């Protein structure tokens, strides 16, 4: 909005049916400005302003201004967390421990990179980096990545701590991968809803550890994460539609269900296996009525290629985005188009 606040989401009141977007006539609403949406916007606009500066200076300046206005709105409204209205039945995308501190760190990191203004570094010094994330509910690691990469600019307190935290997580992932039968750098906590997102994000953590150290074992770990997603897994399936010998044919994806094309839209990563069982029709009340695909009680095998499975076969931006980065970065490194190491 003009005051800098960003609405939490644009949504209909209920999830849409299996129809093409242009045929969905449900009213949509821009609902509630929120601290987290505003700070995420501030971070992304600051980062984009740096990227566009070389190509479109005017557009870059507009984005940076929008970023700073959003950041100041957030500082004036530090407790404006999203509360789902009672008549909205779509996902609220909040979690119980939300306080906005990780979003503040993410935004302050990107704004300091874009402007070098001392106020953003001062704000960032109030934040203690954690060995957590990234997932949609915690962007702490997104702040760590760039503070670690530019540790000299951020100084010993911020840059040094970011690098220390990054390498701690990456070494733990590497150690887990070294003892895994599938050479998979994944913690037990990775096996939840959107497990494939965790695998892709683990790969990105390892890539950034490679960037700051040049240690090829981290690069190998990142490749192992991509290998898992593309078929080196207990299900022997590429989790990316249209890619590989065997891949999802029936994703929980409205367009693929309604476009009158037998094959799904290609290039989409599905959510992946886990034991949440949210879509399994155990008591006869589940709307999508999935058969019990988790009888083995093993998380890496709890997956079904069926439109009913919004818990394992759904398509979402928060696991396709890290896949795009992971695959793109590895391709650029191996093809010689990127000198990734910055140590």
Taking the stretch 267-292 on its own, how many of its residues are over 14 Å from residue 308 (Cα atoms), modelled with pLDDT under 95 and in a strand (DSSP E or B)?
-> 0
When only residues in the stretch 306-343 that are more than 16 Å from residue 277 (Cβ to Cβ) and touching a strand residue (DSSP E or B) at 6+ places or on another chain (Cβ under 8 Å) count, which is surrounded by the most Cβ atoms within 10 Å (Cβ to Cβ)?
-> 319
How many residues does the stretch 236-266 hold that are buried (at least 16 other Cβ atoms within 10 Å of the Cβ) and in a loop (DSSP other than H, G, I, E, B)?
-> 11
If you check 184, 229, which single one turns out to be in contact with a strand residue (DSSP E or B) (Cβ under 9 Å, 6 or more places away or on another chain) and buried (at least 20 other Cβ atoms within 10 Å of the Cβ)?
-> 229
Considering each of 196, 202 in turn, give the residue that is part of a helix (DSSP H, G or I) and more than 30 Å from residue 154 (Cα to Cα).
-> 196
The one condition in (1) farther than 17 Å from residue 134 by Cβ; (2) part of a helix (DSSP H, G or I) that residue 225 fails to fulfil | (1)
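Quick grid of which residues meet (1) touching a helix residue (DSSP H, G or I) at 6+ places or on another chain (Cβ under 6 Å); (2) over 13 Å from residue 103 (Cβ atoms); (3) without any contact (Cβ under 8 Å) to a residue 24 or more places away in the chain:
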site: 12; (1), (2), (3): no, yes, no
site: 16; (1), (2), (3): no, yes, no
site: 21; (1), (2), (3): no, yes, no
site: 28; (1), (2), (3): no, yes, yes
site: 35; (1), (2), (3): yes, no, no
site: 46; (1), (2), (3): yes, no, no
site: 51; (1), (2), (3): no, yes, yes
site: 60; (1), (2), (3): yes, yes, yes
site: 66; (1), (2), (3): yes, yes, no
Those residues of the stretch 247-290 which are within 18 Å of residue 195 (Cα to Cα) and without any contact (Cβ under 8 Å) to a residue 40 or more places away in the chain, in sequence order = 247, 267, 277, 279, 280
Given (1) within 30 Å of residue 315 (Cβ to Cβ); (2) not assigned by TED's automatic domain parsing to the domain that holds residue 304, number of the condition residue 160 does not satisfy = (1)
Across the stretch 110-129, the tally of residues that are touching a residue at least 12 places away in the same chain (Cβ under 8 Å) and in a helix (DSSP H, G or I) stands at 10
Check off (1) farther than 25 Å from residue 130 by Cα; (2) touching a residue at least 12 places away in the same chain (Cβ under 8 Å) for residue 55 and give me the number that stays unchecked.
-> (2)
Within the set of pairs 6 or more residues apart or between chains, which connect a residue that is without any contact (Cβ under 8 Å) to a residue 24 or more places away in the chain inside the stretch 153-165 to a residue that is assigned to a helix (DSSP H, G or I) and surrounded by 21 or more Cβ atoms within 10 Å (Cβ to Cβ) with Cβ atoms less than 7 Å apart?
-> 159/147; 159/148; 159/151; 160/151
If you take the residues in the stretch 173-192 that are in a helix (DSSP H, G or I) and touching a residue at least 40 places away in the same chain (Cβ under 8 Å), which one is nearest to the chain's Cα centre (by Cα)?
-> 173
Looking only at the stretch 311-335, count how many residues are in a loop (DSSP other than H, G, I, E, B) and modelled with pLDDT of 95 or more.
-> 4
Can we say residue 196 is in contact with a strand residue (DSSP E or B) (Cβ under 6 Å, 6 or more places away or on another chain) and over 16 Å from residue 329 (Cα atoms)?
-> yes
For the stretch 8-31, does any single residue satisfy the condition of being in a loop (DSSP other than H, G, I, E, B), within 23 Å of residue 109 (Cβ to Cβ) and assigned by TED's automatic domain parsing to the domain that holds residue 113?
-> no
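The values are calculated or read from the model by the stated rules, or taken from the named source; none is laboratory data. Since we're looking at a predicted model, the values are computed, not measured. So basically every Cβ, Gly included, is an ideal-geometry build from the backbone, and we count neighbours across all protein chains shown.
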